[in-house]
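The values are calculated or read from the model by the stated rules, or taken from the named source; none is laboratory data. Since the structure is predicted, the reported quantities are computational estimates derived from the model, not experimental observations. Ideal geometry is used to build each Cβ from the backbone, glycine not excepted, and the neighbour counts take in all protein chains shown.
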Amino acid sequence: MDATKENEEVIGIDHYGEESDGGSFPATDARGLLAAPRGARRVEDMLLNMGPQHPSTHGVLRVVLELEGETIVKATPHLGYLHRGVEKLAEDATYTQIIPLTDRLDYVCAMTNNYAFVRTVEKLLQIQVPERAEYIRTIVSEMQRLSGHLFWLGTQALDIGAMTVFFYTFREREVLLDLFELLCGARLTVSYFRIGGVDRDITTEIIDRLYKFLETFPAKVEEYNTLLETNRIWLARTKGVALISAADAINFGLTGPVLRGSGVNYDVRKAEPYGVYGKVEWEVPLGKNGDTYDRYFIRVEELRQSAKIIKQCLDQIPQGPFAADLPMLTYPPRDKVTNDMESLIHHFMIATRGFEVPEGEVYSSIEAPKGELGFYIVSRGSNKPYRCRIRPPSFIHMGAFDHMARGYMIADIVTIFGTYDVVMGECDR
Amino acid sequence: MPEAIISHQERFGEITFLARREKISDFLRFLHDTPGLSFDHITDITAVDFPNEEPRFEVVYQLYSIKNNHRVRVKARVPEDDCAIDSATPIWKGANFLEREVYDMMGITFNDHPDLRRILMTEDFDEGYPLRKDFPIEGRGWRDTFPFLDEYDKG
């Protein structure tokens, strides 16, 4: 909405009995506000623009706040500063070419974006992924969840004013990103998943380093907790802030830790187990009050649970191929491409022309660190999707922003942004 | 509510209903309120453009029931000349942003929507609706004058 118009609308003079006409001052006020009778109080909401260039908005989010004193009366998010038209671009790219596009949605958790996309295409193609690939996928998604939650914890604490936590959590995040680099050559925009499997096999070196990481990790989580759990400033800034009831959270379509913070037991990994989540033991942490502290508690508990999942996966991982043996869909092995003419042509064909996907429409989702990340793909039998809809958790969480921000102070706004773990790349696509 | 349903199908383990546009609000309300169904969670609202078909647009609702752990997809066709459908905002508050996005990207208006404005594009964006099939992928307006975009078209 036009900010000046909005501003005029909220200016009201409370000693006039008649209904405000919304825009202009009443004619009787032509003498000016100084002529108001003694004792009359002029009420004017202040309009404060926050962002898009603001360090605590985790990207480029602009919010127009209507304030009464320091209290937020209304918060209107203005999205779209990072809109790149991924859904439109996806209509002009083959299925394998979309995988790098998905990296750039939630750019701190690229693995899970890849996973959500390839799983949808695989559902459409009705192909089975080898067991080892399923294990690798689960391991890397949980590693991504660890790094995503560590990123959240560090930045949320930083926004609230506790700088040290950031250095602690990024120390562990670095280890995970180094492992990603070892695995696929990239740290953030990984593009590691392939339709039918993954790009390359997990090596024993990575497994050993991951075991070593998991040995010390639970103690590290305790370390973060000693910094925050009973910290009075942290408690004051998170307890009772950004409350949302379970019924409202469901009604707004919230997912992930934001929904579970309100005590709703919904986790895609449990509700519709994919990967090997059905074969490992873990629990879904739930909150009670639905405030920022509960969501913090849940994310920290998920760190422990994810570590548990990775550990079990590493123990169970079987030998075997890391991609399905479907020459029409999957790339030939890398060493063959460099030595064998036919394999090179094969690789080239899949990379440029892709493959045809049977007609149909399919929705499938996974539990990304932020919430339920879904893809809805309509195929008309060509090598490109007819429509590729992304169901972004961050965007839907922003829909509840106004509801959750009303009544809190300006200083709480950074906490409320942070509590969703919002990443604008995914929100605006 | 058989009068609201035109057809239904089950594929890939997903149930899809094609509903009448005029009845969509009642039908969604029925899915939300009926105890055995209780689709309390709005997962997604989106739209697909089929320019060669009549009616042209298809609004797609993905619903989920947290209580019963099942999903359903509801679709309704919207013609181009009367490009409007009832809003689901009274049923799910989360439909607000999702419907704004559909309006922004496809140009489908939602009756009784509390705040129907563009959401991802700027509010003064007047080049059309980006996700329609007749909208060029390189955009319209001043971006057409970029020389490299002509090259792109030739390829």
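Checking the condition within 11 Å of chain B (Cβ to nearest Cβ), part of a strand (DSSP E or B), crowded, with 18+ Cβ neighbours inside 10 Å and modelled with pLDDT of 90 or more, which residue from A:Phe395, A:Phe375 passes?
On the way: A:Phe395 fails: part of a strand (DSSP E or B).
Among A:Phe395, A:Phe375, only A:Phe375 is within 11 Å of chain B (Cβ to nearest Cβ), part of a strand (DSSP E or B), crowded, with 18+ Cβ neighbours inside 10 Å and modelled with pLDDT of 90 or more.
Of the listed requirements (1) away from every other protein chain (no Cβ under 14 Å); (2) of a type in the set (Val, Ile, Thr); (3) crowded, with 22+ Cβ neighbours inside 10 Å; (4) closer than 28 Å to A:Lys123 by Cα, A:Ile345 misses just one: (3).
Going by the structure shown, is A:Leu124 touching a residue at least 40 places away in the same chain (Cβ under 8 Å) and under 14 Å from the mean Cα position of the chain (by Cα)? So A:Leu124 fails the test.
Among the residues examined, B:Ile108 does not qualify as farther than 29 Å from B:Arg140 by Cα, β-branched (Val, Ile, Thr), in contact with a helix residue (DSSP H, G or I) (Cβ under 6 Å, 6 or more places away or on another chain) and crowded, with 18+ Cβ neighbours inside 10 Å. If you go through the range B:86-115 and keep only what is assigned to a loop (DSSP other than H, G, I, E, B), over 21 Å from B:Arg56 (Cα atoms) and among the hydrophobic types (A, V, I, L, M, F, W, C), you end up with B:Ile91, B:Trp92. In the range A:237-281, which residue that is within 24 Å of A:Ser364 (Cα to Cα) and among the hydroxyl-bearing types (Ser, Thr, Tyr) is surrounded by the most Cβ atoms within 10 Å (Cβ to Cβ)? Filtering the range A:237-281 for residues that are within 24 Å of A:Ser364 (Cα to Cα) and among the hydroxyl-bearing types (Ser, Thr, Tyr), the one surrounded by the most Cβ atoms within 10 Å (Cβ to Cβ) comes out as A:Thr255. Being part of a helix (DSSP H, G or I) and at pLDDT below 85 holds for only one residue in A:Ala116, A:Ala30, and it is A:Ala30. So for the range A:92-99 (the condition being within 14 Å of chain B (Cβ to nearest Cβ) and without any contact (Cβ under 8 Å) to a residue 60 or more places away in the chain), does at least one residue qualify? No; the residues of the range A:92-99 include none that is within 14 Å of chain B (Cβ to nearest Cβ) and without any contact (Cβ under 8 Å) to a residue 60 or more places away in the chain.
In the range A:154-176, of all residues being farther than 11 Å from A:Leu227 by Cβ and among the aliphatic types (A, V, I, L, M), the one that is surrounded by the most Cβ atoms within 10 Å (Cβ to Cβ) corresponds to A:Ile160.
Sort out for me the helices (runs of 4 or more DSSP H) sitting completely within the range A:260-366 that have 3 or more residues that are assigned by TED's automatic domain parsing to the domain that holds A:Arg387 and under 23 Å from A:Ser382 (Cβ atoms). Even if it seems obvious, please write down each step before you answer.
Numbers: elements: A:268-271, A:292-316, A:334-339, A:341-352.
In the range A:260-366, A:341-352 are the helices (runs of 4 or more DSSP H) which contain 3 or more residues that are assigned by TED's automatic domain parsing to the domain that holds A:Arg387 and under 23 Å from A:Ser382 (Cβ atoms).
Looking across the range A:414-429, the residues that are buried (at least 24 other Cβ atoms within 10 Å of the Cβ) and hydrophobic (A, V, I, L, M, F, W, C) come down to A:Phe417, A:Val422, A:Val423, A:Met424, A:Cys427. In the range B:47-64, the qualifying residues are those that are more than 20 Å from B:Lys23 (Cβ to Cβ) and either touching a helix residue (DSSP H, G or I) at 6+ places or on another chain (Cβ under 8 Å) or more than 10 Å from chain A (Cβ to nearest Cβ) (or both), and the one that is surrounded by the fewest Cβ atoms within 10 Å (Cβ to Cβ) is B:Asn52. Considering each of A:Asp412, A:Asp402, A:Asp325, A:Asp340 in turn, give the residue that is in contact with a Pro (Cβ under 9 Å, 6 or more places away or on another chain) and either within 11 Å of chain B (Cβ to nearest Cβ) or under 23 Å from A:Asp294 (Cβ atoms) (or both). From the options A:Asp412, A:Asp402, A:Asp325, A:Asp340, the qualifying one is A:Asp402.
Report yes if some residue within the range A:208-223 is surrounded by fewer than 20 Cβ atoms within 10 Å (Cβ to Cβ) and among the polar types (S, T, N, Q); otherwise report no. Yes, there is a match, as at least one residue in the range A:208-223 is surrounded by fewer than 20 Cβ atoms within 10 Å (Cβ to Cβ) and among the polar types (S, T, N, Q). When restricted to residues that are farther than 19 Å from A:Tyr135 by Cβ, within 29 Å of the chain's Cα centre (by Cα) and surrounded by fewer than 19 Cβ atoms within 10 Å (Cβ to Cβ), the range A:301-342 contains 1.
Only one residue in B:Ile6, B:Ile15, B:Ile42 is assigned to a strand (DSSP E or B) and more than 14 Å from chain A (Cβ to nearest Cβ). Which one?
Testing whether each residue is assigned to a strand (DSSP E or B) and more than 14 Å from chain A (Cβ to nearest Cβ) leaves just B:Ile6.
Residues of the range B:111-129 include none that is surrounded by 18 or more Cβ atoms within 10 Å (Cβ to Cβ), touching a residue at least 24 places away in the same chain (Cβ under 8 Å) and either facing another protein chain (nearest Cβ under 9 Å) or among the basic types (Lys, Arg) (or both). Restricted to the range A:168-225, and to residues there that are hydroxyl-bearing (Ser, Thr, Tyr) and assigned to a loop (DSSP other than H, G, I, E, B), the residue that is farthest from the chain's Cα centre (by Cα) is A:Thr203.
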